[in-house]
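Read-outs throughout are calculated quantities, based only on the coordinates presented, and are distinct from any laboratory measurement. This is a predicted model, so every value here is computed, not measured. Neighbour counts run over all protein chains shown; Cβ positions are idealised from the backbone, glycine included.
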Amino acid sequence: MRSSIFNSRLKALNHAKLLCGICIIFAVALEGLSGYLLKHHSMTYRRVSQQLLEAARARPSKPGQPTSVVMVGNSLLLDGVQVDRLQELTSDRLRIYPIFLEGTGYYDWLYALRRIFREGARPQVVVVQLEVNSFLWNTVRTEYSPMLSLTLRMCSMWVQIWAWTARL
């Protein structure tokens, strides 16, 4: 006959498993909801996503056409440059594809530019605005940069790596 202590340990283990399962479901739901809210309600995400799509279409110009220029930077460029006015003043010489994301640094733009080039962008000129101290940052902006600079293939690769390490 089993003791009552054995029975209570089994109940505690089942309750712990249930609690862990609920926490995992909650975390997955929260992650999915935050991704949905970001994509559907963030003005910044919408603006930068549109700018990325336009920049991916940058191609070398033919003789007599304006030079294609991809211009990337953070809020200093966003607030400091009137892109419409710049395009108006240089429309006969330059076709500007701006991408501005606040609070970004070197690694954010390194990965974003890699994605743009991987998607087919071939601008003749790339202008990158960075703060001097951003070269010292060893991070990326966690809210937007991964969603904007990583492709679906790269994200699935990270999920596979995470699942493999979870099994260890």
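Backbone amide hydrogens, once placed in the peptide plane, bring Val127 within less than 5 Å of Val70, Met71, Val72, excluding anything fewer than 5 places away on its chain. Kirkwood radius, segment 1-136, all distinct C-alpha pairs, inverse of mean reciprocal distance: 18.6 Å. Amide H contacts under 5 Å for Gly105: Arg141, restricted to partners 5 or more places along the chain or on a different chain, H placed in the peptide plane at 1.01 Å from N. The peptide list 100-108, 41-49, put in order of mean Cβ contacts within 10 Å with the highest first, becomes 100-108, 41-49. Evaluated on segment 37-107, the Kirkwood hydrodynamic radius is 13.3 Å, with distances taken between all distinct Cα atoms. Built from the Cα atoms of segment 17-72, the convex hull projects on average onto 5.7 nm², one quarter of its surface area.
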